[in-house]
1. Please find, within region 6-16, the residue that is modelled with the lowest pLDDT out of those that are under 27 Å from GLU61 (Cβ atoms) and surrounded by 15 or more Cβ atoms within 10 Å (Cβ to Cβ).
2. Which of the residues belonging to region 18-58 are in contact (Cβ under 8 Å) with a residue 40 or more places away in the chain and either in a helix (DSSP H, G or I) or more than 14 Å from VAL6 (Cα to Cα) (or both)?
3. May I ask you to list the residues in region 34-62 that are loosely packed, with under 11 Cβ neighbours inside 10 Å and aromatic (Phe, Trp, Tyr)?
4. Out of curiosity, is VAL41 under 9 Å from the mean Cα position of the chain (by Cα), more than 18 Å from ARG65 (Cα to Cα) and at pLDDT 95 or above?
Amino acid sequence: MDKYEVIIYWSAEDGVYVAEIPELPGCMAHGKTQREALTNVRQAVALWIKTAEEFGDTVPEPKGRRLAFA
């Protein structure tokens, strides 16, 4: 988990911090604080990987560098 890039941002609409793992499509979590969002997304990554493995899906290797967004 620690090798995947994590993006944390404030969602004014939801009133929570959101943590996303861009390399794992759909993998995100939220929390009242940045720390809570990060803790929750670590659990989400573990579940995402476990589910992908159970279904025989490929688990992307962490890129180990900052992703680029346009």
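The values are calculated or read from the model by the stated rules, or taken from the named source; none is laboratory data. Since we're looking at a predicted model, the values are computed, not measured. Counting neighbours? That spans all protein chains shown, and the Cβs are built from the backbone with ideal geometry, glycine included.
1. Among residues in region 6-16 that are under 27 Å from GLU61 (Cβ atoms) and surrounded by 15 or more Cβ atoms within 10 Å (Cβ to Cβ), the one modelled with the lowest pLDDT is VAL6.
2. In the first step, residues of region 18-58 are kept if they are in contact (Cβ under 8 Å) with a residue 40 or more places away in the chain; the result is 22-23, 42, 45-46.
Result: ARG42, VAL45, ALA46.
3. The one that is loosely packed, with under 11 Cβ neighbours inside 10 Å and aromatic (Phe, Trp, Tyr): PHE55.
4. For VAL41, the condition - under 9 Å from the mean Cα position of the chain (by Cα), more than 18 Å from ARG65 (Cα to Cα) and at pLDDT 95 or above - is met.
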